[in-house]
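Note sheet for the following structure.
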Amino acid sequence: MNMNDIDFDSSWLVCDAKHLEQMKRDLVAEETSNPDDPDLLAIVTPENRLFVFEDGENRATLFNYEKERRFLSSAREVLFCTAEKRGHYSDIALYKDGSCQWALWHDGLDDPRHLDETGEPAGNYAMIKKTLLRMQDELGDNPEGIDHLYALPLLLARDLYGYGADTALPQGAIYKWDTKPRPSGIARFFKRLMGRD
């Protein structure tokens, strides 16, 4: 697999499918009137996982914002993943109850060996990291600018939940949503607290 062939930006989240309706409310989403161009694409898999993909123009980094991750993981566990090909940036993070449990990110624009992590990433992280670092080292001077570590968050996402931007979308029930203008995070928090979603 060559992640260097991916030429799109993407951002998605994964959580338990029991959170479908609350996630829809938290994202201030509604069924789209234009199914050919929704803002968000939600899929509930047979394994009861909810995937939500950003699907509209200029929306590929919404799930990469810290405040959004904290809000969207309130009272649930959510895995977030971002792949921004133009910037050679990718990340994966697990949040639970509004707090980051672990995260790793790669920003290879200036340094294809760049990798930061916090906490202890799950799954086969150590093996994937070791393999990709070896592949990067084998390139030597790397005049072509090949960036193997870009794939690390995406491969870990696939290892944990079966999808990592290099495979077909997960199978399941599909929902196409548009989003309304969003109130501030504080306003959304108080609305949820008061039970007025």
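The values are calculated or read from the model by the stated rules, or taken from the named source; none is laboratory data. What you see is a predicted model, and the numbers here were worked out from it, not measured in a lab. With ideal geometry, Cβ positions are generated from the backbone for all residues, glycine too; neighbour counts draw on all protein chains shown.
Does at least one position in the range 126-140 carry a residue that is surrounded by 14 or more Cβ atoms within 10 Å (Cβ to Cβ) and under 30 Å from Asp36 (Cβ atoms)? No, every residue in the range 126-140 fails to be surrounded by 14 or more Cβ atoms within 10 Å (Cβ to Cβ) and under 30 Å from Asp36 (Cβ atoms).
Yes or no, residue by residue, for (1) in a helix (DSSP H, G or I); (2) at pLDDT below 95; (3) over 19 Å from the mean Cα position of the chain (by Cα):
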position: Glu57; (1), (2), (3): no, yes, no
position: Leu79; (1), (2), (3): no, no, no
position: Gly87; (1), (2), (3): no, yes, no
position: Cys100; (1), (2), (3): no, no, no
position: Pro112; (1), (2), (3): no, yes, yes
position: Met127; (1), (2), (3): yes, no, yes
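Flag: Gly123 does not match the condition of being free of Cβ contacts under 8 Å to residues at least 12 places away in the same chain and part of a loop (DSSP other than H, G, I, E, B). Residue count for the range 114-125 satisfying the condition of being buried (at least 20 other Cβ atoms within 10 Å of the Cβ) and either touching a strand residue (DSSP E or B) at 6+ places or on another chain (Cβ under 6 Å) or modelled with pLDDT under 95 (or both): 1. Would it be correct to say that Ala75 is not in a loop (DSSP other than H, G, I, E, B) and not acidic (Asp, Glu)? Considered against the rule, which asks whether it is not in a loop (DSSP other than H, G, I, E, B) and not acidic (Asp, Glu), Ala75 comes out as no.
Only one entry of His19, His106 meets the criterion of being under 22 Å from Gly162 (Cβ atoms), crowded, with 21+ Cβ neighbours inside 10 Å, without any contact (Cβ under 8 Å) to a residue 60 or more places away in the chain and not basic (Lys, Arg), and that entry is His106. Answer with yes or no whether Ser73 is touching a Pro at 6+ places or on another chain (Cβ under 7 Å), surrounded by 14 or more Cβ atoms within 10 Å (Cβ to Cβ) and either over 30 Å from Ala42 (Cβ atoms) or not β-branched (Val, Ile, Thr) (or both). Answer is no for this residue.
So that you can scan it fast, the table gives a plain yes or no per residue for (1) modelled with pLDDT of 80 or more; (2) of a type in the set (Ser, Thr, Tyr); (3) outside any loop (DSSP other than H, G, I, E, B):
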residue: Thr131; (1), (2), (3): yes, yes, yes
residue: Gln136; (1), (2), (3): yes, no, yes
residue: Pro143; (1), (2), (3): no, no, no
residue: Arg158; (1), (2), (3): yes, no, yes
residue: Ile174; (1), (2), (3): yes, no, yes
residue: Ile186; (1), (2), (3): no, no, yes
residue: Lys191; (1), (2), (3): no, no, yes
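The set of residues in the range 26-49 being at pLDDT 95 or above, in a loop (DSSP other than H, G, I, E, B) and charged (D, E, K, R) consists of Glu47 alone. Per the conditions (1) free of Cβ contacts under 8 Å to residues at least 60 places away in the same chain; (2) surrounded by fewer than 17 Cβ atoms within 10 Å (Cβ to Cβ); (3) not in a helix (DSSP H, G or I), the sole criterion not satisfied by Leu94 is (2). Taking the criterion of being acidic (Asp, Glu) and either modelled with pLDDT under 95 or in contact with a helix residue (DSSP H, G or I) (Cβ under 8 Å, 6 or more places away or on another chain) (or both), the residues of the range 1-25 that qualify are Asp5, Asp7, Asp9.
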